[in-house]
Amino acid sequence: MIINRKEMAKAKVEKLMSGYSAFAETKEVAELIKKQAKELNIDFTEDVTEIGSWFIPAKPQQ
């Protein structure tokens, strides 16, 4: 089974856009998420752990 990392990152960015957190197991996918989120102006917090990175959407300002 071939896993397309770009498609995986795209799906995780869509989760961020919907207000959900996303998890990346590899640095490569984490970098792709950061790049795509920056291009789409999505604010998020990244929590890097020993096993991967959590991307948590920023709360909308009121």
- Message: Skipping prolines and chain starts, which residues have an amide H placed within reach, meaning under 5 Å, of the one on Ile42, given they are 5 or more residues away or on another chain?
- Response: none
- Query: If you keep only loop residues by DSSP, which GluC sites (Glu not before Pro) in the chain have at most 10 other Cβ atoms within 10 Å of their Cβ?
  - Reply: Glu50
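Exactly which chymotrypsin sites (Phe, Trp or Tyr not before Pro) in the chain are in a DSSP loop and have at most 16 other Cβ atoms within 10 Å?
Numbers: sites: Tyr20, Phe23, Phe44, Trp54, Phe55; in loops: Tyr20.
Sparse-neighbourhood loop chymotrypsin sites (Phe, Trp or Tyr not before Pro): Tyr20.
Note the full-extension length gain between Trp54 and Ile42 as 0.36 nm times their separation in residues minus their Cα-Cα distance, in nm to one decimal.
Numbers: separation 12, 0.36 × 12 = 4.32 nm, distance 1.46 nm.
Residue separation times 0.36 nm, minus the Cα-Cα distance, leaves 2.9 nm.
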- Item | Cα long-axis angle, helix 5-17 against the chain (0 to 90 degrees, to the nearest 10) | 20
- Task: Per residue of the range 28-43, in order, report the coupling 6.51 cos²θ - 1.76 cosθ + 1.60 (Karplus, θ = phi - 60°) as ³J(HN,Hα) in whole Hz, putting x for Gly and Pro.
- Result: 4, 5, 4, 5, 5, 4, 4, 5, 5, 5, 5, 4, 9, 6, 9, 7
- Note on the structure: Options (1) 44, 24, 16; (2) 52, 24, 19; (3) 44, 30, 19 are given for Cα extents along the principal axes in Å, and the computed one is (1)
- Query: Could you sort Ser53, Ser18 by accessible area so the largest value comes first, with the probe set to 1.4 Å?
  - Reply: Ser18, Ser53
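Any idea what the dipole of the range 1-55 comes to, in debye rounded to 20, about its Cα centre with Lys/Arg Cβ at +1 and Asp/Glu Cβ at -1?
Charge dipole, the range 1-55, about its Cα centre: 220 debye, nearest 20.
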- Over the chain, the sum of -39500 (n - 2.57) across DSSP H runs of at least four, divided by residue number and rounded to 500 deg cm²/dmol, gives at 222 nm -13500 deg cm²/dmol
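Given a 1.4 Å probe and every protein chain left where it sits, what share in percent of the accessible area of the chain is carbon and sulfur? Let's see the in-between values first.
Working: 2620 of 5040 Å².
Using a 1.4 Å probe with all protein chains present, the chain comes out at 52 percent carbon and sulfur.
The values are calculated or read from the model by the stated rules, or taken from the named source; none is laboratory data. For clarity, every value in this text was computed on a predicted model and none was experimentally measured. Counting neighbours? That spans all protein chains shown, and the Cβs are built from the backbone with ideal geometry, glycine included. Heavy atoms of the whole protein, side chains included, go into the accessibility calculation; ligands, DNA and RNA do not. Shrake-Rupley method; radii C 1.70, N 1.55, O 1.52, S 1.80 Å.
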